[in-house]
Every structure is written in structure tokens, then in C-alpha cells.
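The values are calculated or read from the model by the stated rules, or taken from the named source; none is laboratory data. What you see is a predicted model; the values in this text were computed from it and never measured. Please note: Cβ atoms are built from the backbone with ideal geometry, for glycine as well, and neighbour counts cover all protein chains shown. When the accessible area is computed, the model is the full protein with side chains, heavy atoms only, and any ligands, DNA or RNA have been set aside. Shrake-Rupley method; radii C 1.70, N 1.55, O 1.52, S 1.80 Å.
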Amino acid sequence: MSAATTRSRTPDRLCAEAVDLARAAAEEAAAPGIVGEHVGLVSEGDRVVTHFFECRELGYRGWRWAVTVARASRAKIVTVDEAALLPGPDAVLAPEWVPWSERLRPGDMGPGDLLPTDAEDLRLEPGYSGEDEPAPASPVSHELADLVEAEDADLTADSPAGFTVAPLRGSIPAVAEELGMRRARVLSRYGLHTAADRWEEAFGPKTPMAQAAPAACVSCGFLVPIGGSLGQAFGACANEFSPADGRLVSLAYGCGGHSEAAVMPRPPQPAAPVIDETRVDPFPLRPSSDSGSVSATADADTEELGHS
């Protein structure tokens, strides 16, 4: 270890004693009453010392005012190099900055918000290709560029907005436009897989709703089929009473609103009569006198007919 290195670790005596000078510099940078007690010093090098003062500013707990002082070789006058507010070991710091593209979450977009996609987005790939057409990121087509060059006009990024150039007949873009597939970029295989995983996690066969469902969506009359390769595994729910109404659901998903699950209950039927054949019910052969079917006193007509 050299002598210079050894000297740099030992604070200079005059610089270490310049506490008042450092405090005055800190109060000039901050405000009176904000600079607190002297909490320490550190040697920055030969005849260079940094003094630390407590910061009483609200919201800066654990921060310290750092004032660096120094003196020239063989000089007895100490001068101030700089004063700054620095975080201490226990300072409250803001979390590490994260780019907006990594902070964005589904559902964060609102009306009027724009979400640009990266040119190298793994979820997308070129929708069509052809040597006679420019790349999807090209500002204008070859025909428009030749027209601009011939008329000695300025080519700007906003110029294509007012021009519409039809593709050449028989070219790949012309065929794609006729089939309704002329898009600059379409979903890549990676984009399809990530979308399928996301939809299946929300409305898939492993959800609690699907586990308790009487049947899967593949046999439900409220399922609206979709086109493309994703239509082999997903569809749109059109049941307004289902929790997945208007959402893309897995064909293996299910809920209690299945079209064939609700069966109307039958009207209650009376119980069948039960006949006890082991019991004998006595029936009188003649009605009793007080039953009301015959008179209590006999008359002449009844006696002649043999009634008693």
C-alpha cells in the first residue's frame, strides 16, 4: 500500500475541524432550520473531507446534507467544494424505475390512450411479403416515392396520410387485399400461444366454475364459434346470465348457464293410494235409528211394505 493511499484514509485535521464552514454551506444550499446535527465525516482523499449533517426536511427521512471541503497543499485555508443532499444508509428511497412497457398491465388502457407496439414485438409477424412492396415499416410505397421524386416534393413521415395507392394487380398485396387479409402484421405463433394461455387461465377447464359445471361449453347452445386456428379451442359466450358473457372461453370451460343443463321440474303428482288388506272395516247391515236415513217412528205405509 502506497503512502498516498494511507494518507487518504486519514482525515485531514484542518478539513475535519471545518464543521462550521460546512454547516454554513449546507444552510445556504437548503434553508435555515433544515440542516440538523453533524452526524459524521469521511475522508475522500488527501486534504478532502466530506461532512454529513442530518436533514430535517419532511419526506426525506434518513437523508443527509453532504458538504465536501478541501484545502490546497501547504495551505491553511479550507474551502468548500460542493454541497448536496444524499441518501443515508436508512434513507427512504423511491423504487427502482421500471419502463412503462413493463409496468403496463391488462386493463390499464382508457379512452383516448395509445399503446404503440414495438417493431420487433414477438407477438406479431408480417402479414404479407413481396419483393415488389416495401416493408411494413416503410413510410410510403415505391410508387408514391417515385411520384414524389418526380415532382420534386419533400417526403415526410406524415405524407402517406393523405395518399392511398392501390397495389399492383396480381401482386401478393393485391391478392391479400381481395381476400380481406391485407394487414401489415398478424399474430405470430408466440402471440397465439400467449393469448390462448391467457384466455384459458381466465375461462378454462381448471377454473372453479368449470369444475362445478354440469357440461362443457362445446355442447352449449350459447357458444358462438370463432374463425382462425383459435376457433379449434375457443369460442365466444353469448349467455347474458353467464359470468363469461361476451368473453372468449375455452371449449372445455363450463358454467351453470349451460343451455342443456336447466331442466324444468315436473309438477307434483299425488301419492298412489295404499290399500291395507290385513284390516277389516265393519259396515252395519242396517242403518242406525239416529242416522237420518229412516224415520224414528213407523207409519202405515212402511208397515205394509215390510219395512221395520
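Tell me yes or no: at least one residue of the range 123-138 is part of a loop (DSSP other than H, G, I, E, B) and at pLDDT 75 or above.
Yes, the range 123-138 has at least one match.
Any residue at all in the range 195-208 that's over 25 Å from the mean Cα position of the chain (by Cα), farther than 20 Å from residue 259 by Cβ and either at pLDDT 90 or above or open to solvent by 40 Å² or more (accessible area, probe 1.4 Å) (or both)?
no
Enumerate the pairs (first residue in the range 89-110 and open to solvent by less than 100 Å² (accessible area, probe 1.4 Å); second residue anywhere and not in a loop (DSSP other than H, G, I, E, B)) with beta-carbon separation below 6 Å, excluding pairs fewer than 6 apart on the same chain, so at least 6 apart or on different chains.
Going by the 6 Å Cβ cut-off, the qualifying pairs are 91/63.
Restricting to the range 30-65, and then to whatever is surrounded by fewer than 15 Cβ atoms within 10 Å (Cβ to Cβ) and among the hydrophobic types (A, V, I, L, M, F, W, C), can you tell me which residue is farthest from residue 80 (Cα to Cα)?
Out of the qualifying residues, it is 58.
Residue under question is residue 243, and the condition is that it be modelled with pLDDT under 90, outside any strand (DSSP E or B) and open to solvent by 100 Å² or more (accessible area, probe 1.4 Å); does it hold?
Taking the combined requirement at face value, the residue does not satisfy it.
Kindly indicate the residue of the range 209-240 that is part of a helix (DSSP H, G or I) and closer than 28 Å to residue 191 by Cβ and also modelled with the lowest pLDDT among those meeting that condition.
The residue in question is 229.
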